[in-house]
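Novice: Attaching a single structure in structure tokens format; questions to follow.
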Amino acid sequence: MPLFECIELSKAFGGLQAVDNLTFHVDQHEIVSIIGPNGAGKTTVFNLISGFYRPDYGQITLDGDDITGLPSHLITQKGIARTFQNVRLFFNMSIMENVLVGQHSRTKGGVFSVILRTPGYKREQEKARATALKQLSFFGTRLAGYRQNQPANVLSYANRRRLEIARAMATEPKLLLLDEPAAGMNPKETLEMADNIRRLRDERGFTILAIEHDMKVVGGISDRVIAMDYGKKIAEGSYKEVTDDPKVIEAYLGTQGGSFTSK
Amino acid sequence: MSIKPGIRYGIISFGILFYLSILGLPLPRTLGGFGTLALGLFWAVLVLISLVTMRETDQRRYTTIEAVTGGLLISAIAGFGMALVVGLFGRLIADGVQVNTVFAQVLPEWVGTFTGQTKQEVQAGVSATTALLRFALLMTSAGFLGAIVSRGLTHSSRERWHDWINSPFMYWLVIAMPFVFYVWYFALARGILGATNTSISGLVLACLFVTAVLVALRRVRDKRRRLVFGIAFVVMLILLPQIGDQFQNTVLNKIAIFSVVGIGLNIVLGYAGMLHLGYIAFFAVGAYAYGLLASPDSYFVINFMGGDGITFWQGLLVAAIVGALMGIIFGVPILRTRGDYLAIVTLGFGQITFLLLLNLREFTGGPGGVLDIPPPTLFGVDLGSAESILYLAMIMLAVVAFMTLRLNDSRIGRSWRAMKEDEDVAATMGINLSTTKLVAFAIGAAFAAVAGVLYATRQVNIFPDNFALKQSIDILSLVIIGGLGSIEGVVLGAVAFAGLPEILREAENYRIVAFGALLVAMMILRPQGLLPPLEHEEDIDVSDRRQDAWLQIFDAEEDDQDSAETGATGTD
Ligand SMILES: Nc1ncnc2c1ncn2[C@@H]1O[C@H](COP(=O)(O)OP(=O)(O)OP(=O)(O)O)[C@@H](O)[C@H]1O
Ligand SMILES: [Mg+2]
């Protein structure tokens, strides 16, 4: 049984069929990439999975549990975390706090134990802090250290993306959804990000579903690639198979996002 | 050049002054001998604000010449304009025209405050040309002063401004201020300075002391020094009620009570980001819960409790529970409402509560209110004096502030702040938005309700009018003016909203206009409030600079190719 599965997922916005009868799965320990031209419906798939929208039709399962239509926080508690295409950090909170928020559903302290600082609460917080620090340290000294008590808005763009991933990791997910993790990065940072994504799987054991435009990254990380266009899955397979698929080439050439080969 | 904007802002300043004065700008009258001085200062500040605004719109600094021409233009236009208007009104009054049928405040005395004449002289039409000329010139020189100060502010670059603010001299000055005001207050109250009738001026000093403590505490970052000065301030605060007279203590306890309410609202609005306009309802619920269960005249005490009301301490407990429950009950229907809609719906809740208090006459006493609410007692000792209530209020404030600090720096506080910044993202972090909101409502409401109990015994008699929309707006403004999300800010806001009106008692109309102006000025100059939470204190420019600074360190420690990191953000 696959770790994660979407079956006949569909979502329309008014007359626009953003996701159309989409079926795919992700196996434990796998890195799967979703590609497709702008507006293909990739982000919408993530929004459906993470509970922002309720699908019109179809089913989403994690570990065999049906999670279709659950509210976002329960989906996170079940073990799916995500990042956002347009980085959405808590900019006025410190870097450490951003990651600690990720630990929210893995801790329990209530109002009274917080006010009284009970030993149980203190222990729990120390653990949460240690976990948070571990996630920040995943990116070396870029987020951890003297910087971690500064507000997130002082971070550079690339570090904001890294922090978003660290924050998602802190929710201790089984499946990590990354929406264009390398977007807006320079070539060196992009390579590093590809490396990081592999390490997320190899060292931390996450299963990863990533949306990515940069074909070097897609080729470098993916065990399997899914190509979408107009909400439909148009191809699936290894990187080579998908990029050689005439339907995929046509989808890219037919749009302005024809950066497919140039990148 | 600054001539055109100078003329423009001169006309605007004149408009503001004219408007304030026909509302009865009462500064000269209220402050007696200090009137002209105060007016001059006010003038200087007006010019200062105009110049700073000019600079902000112009996006550049002014040279000395420009600042001085600008400042002189502004103050001269406004000063001579006012002199002209006053002279005109004086003429009309002397000619027997009933000016005050149109401008109610424009009486002979009003003209007299500018010209230094008596009522009779104005009515007799004694010429005041020289007096008015002197007035205009005096205000022009005050404007010159404002221009010089503004030059000092705008000329030095932000860095130098920061250097100056951060200099050791300023540091120790800020720390010394609370002691100065405290000793001054003490000397004044004990008659050492020889003055009589020191109620108002003493209150001014007490308020300044509180403000100075807040500013100093924020300034001292070093842990050991914080502890030392913290203890010193606490001791001074403990002795504070012993210094003041009854009037001062009454105002101070109001400040403390409103600080508690403000801290509660700050949880809902400042941390959790929900604009609750009916928040006063929880304050009312606490006050009425205690009033109705304790007052010997209350329907409940007579019919169900055999004439024996509950004690103050029981009242606190009841209010905390009832308040929290109300917070939840009012919270459930608005869980899915956001932003503007939330504000409108909660505004309705506040009005409903007010109308219920007003119209359920049989239970609540209707417009007649609840009377004879008993004072707190401890081991038979009556704690109803202004002084005792101030102590109780300070203890309550300390406890509530302590709980709030702990909550804020915990998973609960983090979930509030995360939710405030981005509800959807907070949800994907595993935060249950409904519980998080309800916890904020419940705690905020409970704080307001216990403050209400103290307020009820302070007032002895409470009426629905104590909990009307106006109070709701006052509490909202005190939280916003002080700085959303910071406890010191709330207390400072409470000083402004509960203390200032008492100081400017004779100037009620003017107060509202002045606060309006203050709000507008603040939105331009300090949108984050007077004492915002620390992490917001530095504006964007500074955090950009900080970012660049650490990127340089970063570049040095990483290999040199990595410098492209700066490229991603270095776009200024
Ligand atoms: N909330 C919404 N309401 C209406 N239309 C939407 C909404 N969200 C997405 N869409 C539309 O659905 C289509 C798919 O959008 P989506 O963001 O999923 O594309 P994408 O594949 O992520 O594209 P990109 O590569 O640009 O990120 C687009 O046409 C978009 O305009
Ligand atoms: Mg997208």
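Novice: List for the stretch A:109-139: residues with 40 Å² or greater reduction in accessible area, all protein chains versus chain alone, probe 1.4 Å?
Specialist: Buried-area filter returns A:Val111, A:Val114, A:Ile115, A:Arg117.
Novice: In addition: May I ask for the percentage of alpha-carbon pairs in the stretch A:113-263 that lie more than 27 Å from each other? Intermediate results must be reported in sequence, preceding the final value.
Specialist: Numbers: 4038 of 11325 pairs.
The calculated P(r) of the stretch A:113-263 puts 36 percent of pairs beyond 27 Å.
Novice: Given the Cα-Cα distance of B:Phe247 and B:Phe363 and 0.36 nm per residue of separation, how much length would full extension add, in nm? Display every interim value, and only then the final one.
Specialist: On the way: separation 116, 0.36 × 116 = 41.76 nm, distance 3.26 nm.
Answer, rounded to one decimal: 38.5 nm.
Novice: Can you tell me which of A:131-143, A:205-217 comes out highest on packing, and rank the rest after it, using the mean Cβ neighbours within 10 Å?
Specialist: Taking the mean over residues of other Cβ atoms within 10 Å, the ranking is A:205-217, A:131-143.
Novice: Taking beta carbons within 10 Å but only from partner chains, what does the mean come to for residues A:140-152?
Specialist: Mean partner-chain Cβ count within 10 Å for A:140-152: 2.
Novice: Could you state the accessible area per residue of the stretch B:248-467 in Å², with a 1.4 Å probe and every protein chain left in place?
Specialist: I get 37 Å² per residue for the stretch B:248-467.
Novice: Between B:Lys4 and A:Arg198, how many nm apart are label points set 7 Å from Cα along the C-beta direction?
Specialist: It works out to 6.3 nm between the two label points.
Novice: Let me ask you something else. Where Rh is the Kirkwood radius over the Cα pairs of the stretch B:296-347, the temperature 10 °C and the viscosity 1.306 mPa s, what D in µm²/s does Stokes-Einstein return?
Specialist: In µm²/s, the coefficient is 117.
Novice: Expressed as a whole percentage, what fraction of the accessible surface of the protein assembly as shown belongs to carbon and sulfur atoms when a 1.4 Å probe is rolled over the protein heavy atoms?
Specialist: Working: 22880 of 36760 Å².
On the protein assembly as shown, the fraction of accessible area on carbon and sulfur atoms equals 62 percent.
Novice: Would you mind giving the total buried accessible surface between chains B and A, with a 1.4 Å probe and ligands, DNA and RNA left out, rounded to the nearest 100 Å²?
Specialist: Details: alone 28380 and 12430 Å², together 36760 Å².
Separately minus together, B and A give about 4100 Å² buried.
Novice: For B:Asp372 and B:Ile65 in the same chain, what is the full-extension length gain: residue separation times 0.36 nm, less their Cα-Cα distance, in nm?
Specialist: Taking B:Asp372 through B:Ile65 to full extension adds about 104.0 nm, to one decimal.
Novice: Hey, another quick one. When the solvent-accessible surface of protein heavy atoms is calculated with a 1.4 angstrom probe, in what order do B:Val102, B:Val318 fall, highest first?
Specialist: B:Val102, B:Val318
Novice: At a Förster radius of 35 Å, what calculated FRET efficiency corresponds to the Cβ-Cβ distance of B:Leu239 and B:Leu317, to the nearest 0.05?
Specialist: 0.75
Novice: Let me ask something else. Run through all the Cα pairs of chain A and give the fraction in each 5 Å bin from 0, expressed as whole percent.
Specialist: Computed distribution, short to long bins: 1, 6, 13, 17, 18, 16, 13, 8, 4, 2, 1, 1, 0.
Novice: Rounded to the nearest 0.05, what FRET efficiency is calculated for A:Tyr53 and B:Ile328 with R0 set to 25 Å and r the Cβ-Cβ distance?
Specialist: Here the calculated transfer efficiency is 0.30.
Novice: What area, in nm² and to one decimal, does the C-alpha convex hull of the stretch B:167-244 cast on average over all directions?
Specialist: 5.2 nm²
Novice: Would you please classify the overall shape of the stretch A:1-84 from the alpha carbon gyration tensor, given that a ≥ b ≥ c denote the square roots of the eigenvalues, rounded means a/c under 1.5, and beyond that prolate means a/b larger than b/c while oblate covers the rest?
Specialist: prolate
Novice: Could you do me a favour and compute the accessible area per residue for chain A, 1.4 Å probe, result in Å²?
Specialist: Using a 1.4 Å probe on heavy atoms only, each residue of chain A averages 40 Å².
Novice: Once you average over the residues of A:68-74, how many Cβ atoms of partner chains fall within 10 Å of each Cβ?
Specialist: The per-residue average across the peptide is 4.
Novice: Cα atoms only: what Rg and Dmax, in Å, come out for the protein assembly as shown?
Specialist: 32.1, 103
Novice: For the stretch A:90-172, rounded, prolate or oblate, judged on the Cα gyration tensor with a ≥ b ≥ c (square roots of eigenvalues), a/c < 1.5 rounded, else prolate if a/b > b/c?
Specialist: Prolate.
Novice: Label the stretch B:337-439 by shape, choosing from rounded, prolate and oblate, from the square roots a ≥ b ≥ c of the eigenvalues of the Cα gyration tensor; if a/c is under 1.5 it is rounded, and otherwise prolate applies when a/b is larger than b/c, oblate when it is not.
Specialist: oblate
Novice: What is the calculated FRET efficiency for B:Ala124 to B:Arg406, with r their C-beta to C-beta distance and R₀ = 60 Å, to the nearest 0.05?
Specialist: Here the calculated transfer efficiency is 0.30.
Novice: Now for a different question. Per residue of A:95-108, count partner chain C-beta atoms within 10 Å of its C-beta, then hand back the mean as an integer.
Specialist: For this peptide, the per-residue mean of nearby foreign Cβ atoms is 4.
The values are calculated or read from the model by the stated rules, or taken from the named source; none is laboratory data. Quick caveat, the model's predicted, so the values are computed rather than measured. In this analysis, Cβ positions are derived from the backbone assuming ideal geometry, glycine residues included, and neighbour counts consider all displayed protein chains. Accessible surface is based on the protein model in full, side chains and every heavy atom, while ligands, DNA and RNA are left aside. Shrake-Rupley method; radii C 1.70, N 1.55, O 1.52, S 1.80 Å.
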